[in-house]
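The values are calculated or read from the model by the stated rules, or taken from the named source; none is laboratory data. Only a predicted model underlies this, so the values are computations on that prediction, with no experimental measurement involved. Here the Cβ positions follow ideal geometry from the backbone for every residue, glycine too, while neighbour counts run over all protein chains shown. Please note that ligands, DNA and RNA were not included when accessible areas were found on the heavy atoms of the full protein model with its side chains. Shrake-Rupley method; radii C 1.70, N 1.55, O 1.52, S 1.80 Å.
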Amino acid sequence: MRSPVPRFRDVERQAGGQQPAQCLPPCHERQNNMWFIRDACGIVCAIITWFLVFFAEFVVLFLMLIPSKNLTYSLVNGTLFNSLAFLALASHFRAMCTDPGAVPKGNATKEYIESLQLKPGQVVYKCPKCSSIKPDRAHHCSVCKRCIRKMDHHCPWVNNCVGENNQKYFVLFTMYICLISLHTLVMVVFHFLYCFEDDWTKCSSFSPPATVILLILLCFEALLFLIFTSVMFGTQIHSICSDETGIEKLKREDPTWEKTPSWEAMKSAFGGPLSVAWLSPFTDLSCQKDASAPVPMFPQGEIIEEDVIEIPLEPYSM
């Protein structure tokens with residue numbers, strides 16, 4: 001339900017009366033500290049993800065490519081497979097270790113709200129769990145124990161939330177895993193055909209039973225992740241283009257924001273106009289800030305008890 005009075009949007013970006021940063025969409029602030037969630041389930045899932053990629057690497061190299069008599073086939077497919085695997089793991093690492101857009105804890109103080117210089121009648125919301133002023137479209141994650149801006153969902157496979165700062169890396173991770181799974185399935189089919197035509201003892205350095213078992217396991221893994229990641233990739237692209245996160249769709253929230261056109265939303269999520277940098281997990285989301293703009297400070301003070309704070313018509317006092 002929409003608030004009867006205007007709600008203050010993203011209070012972090014307009015603190016102290018400063019002008020919004022002039023930047024290419026979106027404006028993402030770099031974090032000095034490494035972001036890592038200490039969640040046992042998420043850490044185990046992340047380790048399993050890397051293990052499965054290395055298992056596929058082992059089977060592809062030592063079962064199919066190295067024993068192959070066709071050097072060109074081995075070099076081309078080995079280069080392609082290893083490039084996709086490297087990009088997938090790099091994207092996974094960036095998605096896991098990038099701050100997804102966490103709101104600072106404990107900034108719901110009288111001094112901080114006064115520094116925002118809000119207009120009379122505006123409303124700010126405090127998260128009762130992390131005691132922070134909650135920007136519009138932010139949701140609290142019970143695993144990260146933080147409010148996350150434009151939180152789409154918490155993904156245990158990357159041990160992190162997917163939010164406005166790391167959605168690009170999560171999309172790249174799903175895309176590269178999808179591509180590497182498809183490539184693996186194609187190679188498995190060719191290898192089976194080759195082994196049927198030739199003697200099984202000559203098409204692999206392993207025994208025929210071990211070769212069949214490893215190929216079946218690899219085929220099952222590739223098929224499973226091809227379906228899973230292709231669905232996730234399509235879901236994420238649709239969420240970006242529709243400017244509506246997974247949580248907002250799940251909760252069926254009425255849009256209280258002006259939706260961004262699809263192409264502008266894509267440029268915002270991937271950090272600028274269409275370029276090769278969209279496909280790279282090593283490029284940061286671009287932002288050109290005005291150097292004269294003051295750095296926002298979050299005053300210390302006592303946490304406000306109210307969860308909904310409306311700025312009175314008279315000067316703010318508590």
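Just to confirm the filter: which GluC sites (Glu not before Pro) across region 155-259 are DSSP coil and have at most 13 other Cβ within 10 angstrom of their Cβ?
On the way: sites: 164, 197, 221, 244, 248, 253, 258; in loops: 164, 244, 253, 258.
Listed in order of number, the matching sites are 258.
On a 31 Å Cα-Cα criterion, which of the cross-link pairs 129/251; 119/168; 110/168 come out too long?
Distance filter (> 31 Å) returns 119/168; 110/168.
With a 1.4 Å probe and all protein chains left in place, how much of the accessible area of region 46-198 comes from carbon and sulfur atoms, in whole percent? Don't jump to the answer; show the numbers that get you there.
Numbers: 4190 of 6060 Å².
Taking all protein chains in place, region 46-198 shows 69 percent carbon and sulfur surface.
How big is region 112-168 along each principal axis, measuring the range of its Cα positions in Å and listing the largest first?
44, 24, 16
Quick check on packing: order 144-153, 63-72, 125-134 by the mean number of other C-beta atoms within 10 Å, highest mean leading.
Highest to lowest by the protection proxy: 144-153, 125-134, 63-72.
Two decimals is fine: what is log10 I(q)/I(0) at q = 0.23, 0.25, 0.26 Å⁻¹ for region 142-193, from a Debye sum with one equal scatterer on every Cα and no solvent?
Values, matching the q order: -0.83, -0.91, -0.96.
Running Debye on region 153-268 with equal point scatterers at the Cα sites and no solvent, what base-10 log of I(q)/I(0) appears at q = 0.18 Å⁻¹?
-0.92
Ignoring ligands, DNA and RNA, what accessible area per residue does region 209-291 give at 1.4 Å, in Å²?
58
Modelled label-to-label distance, residue 80 and residue 117, 7 Å Cα→beta-carbon offset: nm?
Once both label points are built, they end up 5.8 nm from each other.
In the neighborhood of residue 272, defined by Cβ-to-Cβ distances under 14 Å, what is the net charge if each Lys or Arg adds +1 and each Asp or Glu adds -1?
0
Taking a quarter of the surface of the convex hull around the Cα atoms of region 45-204, what do you get in nm²?
For region 45-204, averaging the hull's shadow over all directions gives 11.7 nm².
What's the ranking of 108-118, 88-98 by average number of surrounding C-beta atoms within 10 Å, highest first?
By packing density, highest mean first, the sequence is 88-98, 108-118.
In terms of the ratio Rg/(2.2 N^0.38 Å) built on C-alpha atoms, what value belongs to region 64-117?
Ratio of Rg to 2.2 N^0.38 Å for region 64-117: 2.43.
How high is the relative contact order of region 100-177, in percent, counting Cα pairs under 8 Å that sit 6 or more residues apart?
Averaging sequence separation for qualifying contacts and normalising by length gives 31 percent for region 100-177.
Taking just the alpha carbons, could you work out the radius of gyration and Dmax for region 205-274, both in angstroms?
19.9, 63
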